[in-house]
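Below you'll find the structure, written out as structure tokens, and then a few comments.
Nothing in this text is a laboratory measurement; each read-out follows from the coordinates by a stated rule. All figures in this text were calculated on a predicted structure; none of them were measured in a lab. Here Cβ is always computed from backbone atoms with ideal geometry, including for glycine, and neighbour counts include all displayed protein chains.
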Amino acid sequence: MNFLDSDGFDFFSRGYYHLYMRKLLKLAFYLFPQTKAYAHCDIPCGIYDPHNAQVAAHTVIRMATLINELKASSKEPSFEERKRIISQVARLTKVKEEHAELVKHEVRILWGDYFKEEHLKEYPNLHEKVFKIMKLASKVKQEVSIDAASELLSLVQEFAEIFFKTKGVEPVRVKTVYPTDGEIVLHK
């Protein structure tokens with residue numbers, strides 16, 4: 001490629017390329033100034049909500065309950081019944097673990113992309129709350145404990161309440177229609 005100007009001066013081979021590119025970038029930044037982006041998906045869409053984390057926590061409770069309710073018809077169930085129970089435990093466990101991971105994912109998104117330094121000043125226990133949610137979500141993946149799953153939901157609800165307060169709206173707990181007979185945090 002020939003990058004000679006009209007006088008035959010090759011500015012690329014003489015080290016002037018970086019000067020040209022610097023001026024070009026300055027022009028681009030001048031014409032298209034940067035703006036701050038506030039969104040969970042880096043588009044930015046500006047949509048944040050702890051709803052999915054709460055539903056996932058309810059799902060973890062439900063899966064743990066269903067696993068605990070599985071019973072064989074006798075002390076020596078048939079091979080077909082054992083296969084059915086093993087299959088059901090595997091399916092329920094998979095969903096329980098996926099939703100525990102979804103809790104972690106949704107909280108991480110809000111934690112990393114939404115919450116700002118001013119929120120931490122107003123809610124100094126937020127770091128600790130997120131840490132506990134992450135650890136407890138890992139624990140409910142490893143165990144079948146309704147108590148641990150209920151504690152996870154409680155922490156996620158507290159997190160949701162803080163989220164809504166930072167949005168300047170009043171959080172409210174509403175009874176769900178889920179089989180977990182719990183609540184979900186929404187806003188007025």
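Remarks
- Straight-distance crosslink candidates among lysines, where the alpha carbon sits under 16 Å from K121 and sequence neighbours closer than 8 are dropped: K129, K165, K167
- Cα→Cβ-extended label distance, 7 Å offset, between S154 and H187, nm: 2.6
- Label-point separation in nm, Y30 to E118, each point 7 Å along Cα→Cβ: 3.3
- Computed over neighbours whose Cβ is under 14 Å from that of K139, the net charge equals 0, Lys and Arg +1, Asp and Glu -1.
- Approximating the spin labels as points 7 Å out from Cα along Cα→Cβ, the N125-to-F79 distance works out to 5.6 nm.
- Chymotrypsin sites (Phe, Trp or Tyr not before Pro) lying in DSSP loop within region 103-136, provided at most 11 other Cβ fall within 10 Å: none
- Charge sum, other residues only, whose C-beta stays under 12 Å from R173's C-beta, Lys/Arg counted +1 and Asp/Glu -1: -2
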